[in-house]
Every structure is written in C-alpha cells, then in structure tokens.
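Below is one structure, written out as structure tokens; comments come after it.
The values are calculated or read from the model by the stated rules, or taken from the named source; none is laboratory data. Worth saying up front: this structure is predicted, and the values here are computed from it rather than measured. Here the Cβ positions follow ideal geometry from the backbone for every residue, glycine too, while neighbour counts run over all protein chains shown.
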Amino acid sequence: MPLSVACVTHLLAAASGLGLGLSLIVAIGAQNAFVLRQGLRREHVAAIVAVCAASDVVLIGAGVAGAGALVQDRPGLLTAVRLGGAAFLVVYALVAARRAARPQALDAAQGAAPGSRAAAVGTALALTWLNPHVYLDTVVLLGSIAHGHPGDEWWFAAGAAVGSVVWFTALGLGARLLRPVFARPGAWRLLDGAIALVMLAIAASLVLAA
C-alpha cells in the first residue's frame, strides 16, 4: 500500500531532524569526550548514556515548544551560563592534563577503584547543562528549524531525539572496541591530552563570546 502524502511529510521531517541532530552532536566536545572515556573504562556507561540522551531529548522538546525565544531574549542569563561553563571546563581540563602527565595502561587502571556513580552522573549533567553550546544548538537552532516544518515540528523533534539516543549509545557501548589500543599508557596520554586541549578551547570560546 503506498504511503499517504501526510506519512511522507512526517517521515521527511523526522529524517531532517535526525540528520541535523547528528550533524550537531557528532563532534569532538566536552560531553562526547567524557562519554568516550567512561566507555573505555566501562564505568557507569549505561547511566551516563541515559543522562546525556535524556537531557538532549528534554532540550530538543523545549526548543520545539518555544524555549529558544526565551533564551535569546535573556542575553544576561546566557552570559552567566557561558562564564560558569567556562570555569567548569577549565577545572576539568586541568584534571585531564594531570591524568595525561601520569598515564596508565587500561588494564592497570582497571585495578583502581572506579569513581562513584553519583560523581559520574554529576559530571555528565554538568558537561551537558553548563555548556551554552547545548542551548544554542539544541534549543535555539533545532527549535527554530523545527518550525520550518509546520504541522510536523514534533516529527522533526522525534528524529533529532532518536539521533541523540543512537549516538550516545553507540559512543558509550562502542568504545569497548578501542580497548586494545588503550592497553598502552601512551594512548591514554594522547586521549587525556586531547581532552584537556578541547576543554580549554571550548572554555576560551565561551569567555570570548560572553
């Protein structure tokens, strides 16, 4: 049975949301770097993936519901979030740089006591909700583009939400495929060094934009 015009329109809107959502989220950033590292260490991966994916779904929904306009109308609030996020990222960069200076092989690192679930979830929440780019990309940009599909805004949102869930799940659970590479301390030095540089670069961009 051929699809109706309405079904085709719904699917096109969902596909557009999926494509744009993935294009925004599949990039080296604070959140992705943290999910990757936790996935490599197999520490609280399911909880972290759930937090990141659920946060994105909430933010996408808020953007489609019109929260983007509220963010744009309150530049002072966005400035405060930028500065707070920058401070948090600088601290996280220093922690990553310290790890890079004292790298461990993955097998040796597994002998250490894992961090608590609460600390891991708290870090994931901070890297998500203290990052102004999340609001600009997810709430403002996705929300605005969703309304370019009148009548199908929530189909667009559903596609973007699926993209986030699929990406974080693949990143967190798929990281185990890289474990043989990270059996060497040098690989951890490179990863943590890269994480530190990414965090500092993002922090600098937030301060300059404030």
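Points worth noting:
- Of all residues in the stretch 63-78, those that are touching a Gly at 6+ places or on another chain (Cβ under 6 Å) and modelled with pLDDT under 80 total 1.
- One residue alone among Leu206, Leu171, Leu136, Leu141 is under 21 Å from the mean Cα position of the chain (by Cα) and at pLDDT 80 or above, and that residue is Leu171.
- Looking only at the stretch 123-139, residues that are crowded, with 21+ Cβ neighbours inside 10 Å and either without any contact (Cβ under 8 Å) to a residue 40 or more places away in the chain or aliphatic (A, V, I, L, M) (or both) come to 4 in all.
- Being among the β-branched types (Val, Ile, Thr) and surrounded by fewer than 17 Cβ atoms within 10 Å (Cβ to Cβ) is a property that does not hold for Val198.
- Hey, Ala175 part of a helix (DSSP H, G or I) and either of a type in the set (Lys, Arg) or out of contact with any helix residue (DSSP H, G or I) (no Cβ under 7 Å at 6 or more places or on another chain) (or both) or not: no
- Yes/no for Val81 being within 20 Å of Ala194 (Cβ to Cβ) and modelled with pLDDT under 90: no
- Hits in the stretch 12-27 (condition: farther than 14 Å from His149 by Cα and assigned to a helix (DSSP H, G or I)): Gly19, Gly21, Leu22, Ser23, Leu24, Ile25
- Residues satisfying the stated conditions in the stretch 180-210, i.e. under 19 Å from Arg42 (Cβ atoms) and out of contact with any Leu (no Cβ under 6 Å at 6 or more places or on another chain): Pro180, Val181, Arg184, Pro185, Ala187, Trp188, Leu191, Asp192, Ile195
- Considered as a group, the residues in the stretch 1-22 that are modelled with pLDDT of 75 or more and among the hydroxyl-bearing types (Ser, Thr, Tyr) include one that is nearest to the chain's Cα centre (by Cα), and that residue is Ser16.
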